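The values are calculated or read from the model by the stated rules, or taken from the named source; none is laboratory data. Given the structure is predicted, the values throughout are model-derived calculations rather than measurements. Please note: Cβ atoms are built from the backbone with ideal geometry, for glycine as well, and neighbour counts cover all protein chains shown.
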Amino acid sequence: MKVLGFVIALALASPVVGQALAVPVPAKSFQPMGSVRLAKLVVNLNRGDRIGSFGSGLCLLPEELTWRSGKQELRDEEFESVFRDEMKREGFTVPGDPGRLFEDQNGNSVDMLVGAAINRIDMKACFPTFLVPFSGDDLSRGSASVDVEWQIYSPLERKVVATLKVTGSAQWSKSRSGGAYLLVQQAFADAVQQLARSAEFRQSFSAATADGSVARTPPPNLVPLQIRTLPPATVKLDDVVTSTVLVFAGGGHGSGFLVSPEGYVLTNHHVVGSASYVKVRWSDGSEVLGEVVRTDAARDVALIKTDARGRRPLPLRGTPVTVGEEIYAVGAPADQQFQGTVTRGIVSAKRVYEGFNFIQSDVGVTHGNSGGPIVDAKGQVVGLTDIGFEGAPMLNLFIPIDEALSFLGLQIAPASLPAPASIRPKR
């Protein structure tokens, strides 16, 4: 009997950990919450493990089935199709096959990636062989169950956000075409349904509220770090340039800006990468060493501690921008020799993109501007440069300054310093 061929298609994701149990809930109690893809499948069985029994004819003397291949990863289009069909049936968007693991065919990130491991197979199949010559098909009846561990990975947070265990099952009381292969597929489909309907899985998706803000918030376990900043005041663009720096890390460069007289500099996480120390160059060409003290990869922000050498931090604006408002970006576009470049634009929109709030603007920025400040007409920081789009120079996204602070756990205290001439209030 060659019924063991069906197990070759059961390769699910690398084995996952965790003890959380999936709690099924009615699908109608939720609205569709985003896109999901089955990224990887493995069978987490040892060679010789029992996977069920089969019989033929009247099936009075079934024979034992054992797993022959050991632990392995395998791609199977039919099982991927089962996952896609069941998720769509439950209201989720499932992109097509990816060119890269965590992106769809158009290069857009999916909301959640799913890996799975089948840890147990138990199939009891009966093949009425005396009917096969007349039917010309692989008829069978019986039952199957599979234990599946699901691992849910968030590309935005760049980590596994949940692991769930379910048992999927299927039973045929009458002989049906498709054989044991289809029987196990249906047990897997049941496991997918349980995942899709579980509260924990659905709560992994961040749903936007009616006003366009998002539920995604800073990590709850952040230890607050207090920094001193200057109160809002009018600052000349020359002074904004003086407090904007060039950051060197990992063979590349980005920008950043001074936010505290103690030498704290804000920039992007993707500028510093995994570096613990970076080189910081001021507008006058002097260079100092900076230590990366905090980062948040998902929000793409980082905090550097360096020697401010008496320079004044930029004031941070406490009120949100408005659409149509004039703003300026400062940074080092394209090449480090262009450090201190100032460009001007307007706020085009306040946008939610990939689960986070952004300021959208047509102000000109490119590679090297990353992490640099955007300021209003008074020279007050309203955000920092983050994302540009190839082929769309008028479409750029900036992280609001309040979110940059909150995702780094920064608490603001006033700096009791004499104001420099450029920001000294008029009498």
Hits in region 269-293 (condition: within 19 Å of the chain's Cα centre (by Cα) and more than 15 Å from Asn369 (Cα to Cα))
Gly273, Ser274
Could you say whether any residue in region 294-304 is over 29 Å from the mean Cα position of the chain (by Cα) and among the hydroxyl-bearing types (Ser, Thr, Tyr)?
no
Could you grab the pairs with beta carbons closer than 6 Å, sequence gap of 6+ or different chains, first residue in region 223-237 and over 15 Å from Pro261 (Cβ atoms), second one part of a loop (DSSP other than H, G, I, E, B) and of a type in the set (S, T, N, Q)?
Pro232/Gln380
Here are Arg50, Arg89: which of them is among the charged types (D, E, K, R), modelled with pLDDT of 85 or more and in the same structural domain as Ala189 (by TED's automatic domain parsing)?
Arg50
Of the conditions (1) in contact with a Pro (Cβ under 6 Å, 6 or more places away or on another chain); (2) within 23 Å of Arg158 (Cα to Cα), Ser260 fails just one. Which one is it?
(2)
In region 363-386, residue surrounded by the most Cβ atoms within 10 Å (Cβ to Cβ) [restricted to those that are of a type outside the set (Asp, Glu) and without any contact (Cβ under 8 Å) to a residue 60 or more places away in the chain]:
Ile374
